[in-house]
Structure formats: structure tokens, C-alpha cells
């Protein structure tokens, strides 16, 4: 019994010793450390940024740093932390938290200001590159002034904005806000080229140019030029606008499209087009090949229109000879003579309609050569019988009825 009791006592002692040992391992040793002094809060970009923490004891601490450019974790056994240049060269607010193990010893913020002692840089933007005259359209000029580390200068930095247009030169001062200085540059009434530049202290930007184009064209006049007034289907009528201008007197930009609508005596619509050069749009159209009267009006589609002019064409011939050969199967039209009794230029159209038993069988068309056009009616296509033949050339119609084809 005594031996058993002795073993029980020994077992209890061993269990107590184990419990005491595990308790000592689980319970950490907590150092009582306090921050006696925090670092300064303002620095200049590009300079070494050192955060010194004076601690009550010498221990190893960690510093968590966060900025708009990222986060990092630094470690020190002296309480002195040097920020990496990727953070210390950038303007902005940096927040930090000092840790001892998992315990927060201190937290705060520092500010990095732009370095005004470095060479300045200017970023300038101008757009759009073209505007319309008249004072309603504008281009925007934007300037960002930066230090040598690409940091925008403080708000209220003075920026000189300059522009030149024709004989006008002006300079204005704006103060930067939220990193930029800007201004809307409205157009003048005249068209031309607007030059822009900017300056901060001694730093000058490059020159920018903005084209000021004329505004929309006003209504205009048209006229026609032709060599003669005969309907020969050969000569050209030249249609021409007056100088197209906007409401401020600027000549419209080259390449403005003008459409001429031509309505003939039967109400048919013809069209021709031209684009402006030095404000004038010229278009051309062939004379008709028969007596006609044209009413002509021009448009800049959806924007401006012209007056209406009327031009008349006289018939170039009153009559012409027709010869039937080979039992009426060969028809020779011409020679066709023009208004001075000269032969019609090659290419005049001659039309022959073939009618049998009041039904039009076919319409044949040929162009003249040396004043004549020849048609052959082959038996394979036109069997023997009685036909009506209608001939038209340069607006003159002739009909031959009950013509036998052998």
C-alpha cells in the first residue's frame, strides 16, 4: 500500500510540473515599449525621407507605409526608417503605422511637397486642332506645371497663357487648381491660324497652332457661260457660283460641295456638281441635242442655295436628208449640218423606231460619223412586209408610213 501511494504522489508531481512548463511556453513575454517622439510630418520630393521614432526601449519594430503609389513594409531595430525613392520622390500624403509584433505603437501621416528647386517641366495640351469662326466655337488650352520628379506644382501657381491671331497678340495669367491651369480660347470672326503658347517662371512651352475655319456659307448667286446657244449636244455649259462667303465675310473653305439642279422643259431633272476653289464652285454640263429650256438652281446641301437662272437652246438644224437604199432595207441619215452649215461633230445620236402593224418592234440608235448614220434592216430580223419608220436626230422628227421592205 505504501508503495502504491508513493507512486501516486510521484505521478501527481509530474503532472503539476508539466502544467507549469506548458503555461510558461504559451504565455509570451510582453515588452512594455512606448513611443517617446514621432518624426516630422513634412518633406520635399527627391530629398531623403527618414522617419525617426524615439522608443523607450531598443526593440525591432516594423513600419507599414501606404501611399497612392503603393504600400511597403520596413523593419528596423533602431526606430529609424528610410523610405524608398519610389515613394519619397512623389508628391502626396503618406500614412504609416508602427508595429511591435502585432501591437500598434504609433500611426500618423506625412506630406511630401513638390521640389521647387528642380528644373520645371511643362505639359501642354491644345484641342481640338480646328474650330469655326464666329466666336461660338472654342479650343481648350491646358497646362500642367511639374517639378523635376514629375510632381504637379502647388495650387495657385501662376501660368501665363499667350495667343496670337492675325494682328492680335494677348497674354493672360491663370492660377493652377487641382494640378492644372486651363482656358477656353474662343474663335474670332475672321478665319485664319491661331497660335498658342504658355509659360511658368522661365519655362516656356512649344508653339501650338489651331486652324480657324470659315463658318457656314450664306446664300449665293450663279451664272452660266457657253460658247453659243445652239442645242448641238456637243458644246459645254459652264456653271459658276459667286464667291461663297459666311456671315462674317470669310471665303468658304476649299472643297465645299455645290450641287446644280437642272430642270428641262419636260420637267426632267438633271444634276451636275462642283467643289469650291477660292470660294467659287464650277460645274459643267453638255448642251442638249434638241431645242430646250433649262431652269438651274444650285445648293450647298442643307445649308445655302442660289438664285434660279433660265437658259434657252435653239435647234441646231431644221431639216436633214434621208436616203433609202436596197429596197428600203438600208437607211442613211444625213449629212447633218450645223448652224454654220458645217458637219455636226462625230457622236451625235440618231434614233430609228421600227413599227409593224401598230406595234413598235425595236428602237435602233447610232452615233454619227462624218455627219451621217447608217442603219441596215436585215431580213433575218425584219421579214418582208409593210413598216412605219420614225427617225429622230437633234430634236427633229420624221415619219415614213407604209414603207415596204422586200
Looking only at segment 55-77, how many residues end up being loosely packed, with under 13 Cβ neighbours inside 10 Å and more than 18 Å from residue 112 (Cα to Cα)? 7
Looking at segment 366-406, which of the residues that are more than 26 Å from residue 230 (Cβ to Cβ) and out of contact with any strand residue (DSSP E or B) (no Cβ under 9 Å at 6 or more places or on another chain) is surrounded by the most Cβ atoms within 10 Å (Cβ to Cβ)? 406
What residue, among those in segment 171-201 that are more than 28 Å from residue 121 (Cβ to Cβ) and in contact (Cβ under 8 Å) with a residue 40 or more places away in the chain, is surrounded by the fewest Cβ atoms within 10 Å (Cβ to Cβ)? 186
Answer yes or no: is there a residue in segment 110-125 that is without any contact (Cβ under 8 Å) to a residue 24 or more places away in the chain, closer than 30 Å to residue 61 by Cα and touching a strand residue (DSSP E or B) at 6+ places or on another chain (Cβ under 8 Å). no
Return only the number of the condition from (1) more than 16 Å from residue 51 (Cα to Cα); (2) modelled with pLDDT of 90 or more; (3) surrounded by fewer than 15 Cβ atoms within 10 Å (Cβ to Cβ) that residue 95 does not satisfy. (1)
Per the list (1) at negative phi; (2) free of Cβ contacts under 8 Å to residues at least 40 places away in the same chain, residue check on residue 305 breaks on (2)
Residues (outside any strand (DSSP E or B) and closer than 30 Å to residue 249 by Cβ) located in segment 195-217: 207, 214, 215, 216
Look at segment 348-406 and say how many of its residues are at positive phi and assigned to a loop (DSSP other than H, G, I, E, B). 6
Go through segment 315-330 residue by residue and tally those that are surrounded by 13 or more Cβ atoms within 10 Å (Cβ to Cβ) and part of a strand (DSSP E or B). 4
Of those in segment 286-299 that are at pLDDT 95 or above and surrounded by 18 or more Cβ atoms within 10 Å (Cβ to Cβ), the residue nearest to residue 388 (Cα to Cα) is 294
Could you look through segment 202-231, keep only residues that are out of contact with any strand residue (DSSP E or B) (no Cβ under 6 Å at 6 or more places or on another chain) and within 13 Å of residue 143 (Cα to Cα), and pick out the one that is surrounded by the fewest Cβ atoms within 10 Å (Cβ to Cβ)? 206
Give me a count of the residues in segment 219-254 that are within 14 Å of residue 311 (Cβ to Cβ), touching a residue at least 24 places away in the same chain (Cβ under 8 Å) and not in a strand (DSSP E or B). 4
If the requirement is being closer than 30 Å to residue 183 by Cα and modelled with pLDDT of 95 or more, which of these qualifies: 212, 200, 262? 212
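The values are calculated or read from the model by the stated rules, or taken from the named source; none is laboratory data. From a predicted model like this one, the values you see are computed outputs, not experimental measurements. All Cβ positions, even for glycine, are placed from backbone atoms using ideal geometry, and neighbour counts span all protein chains on display.
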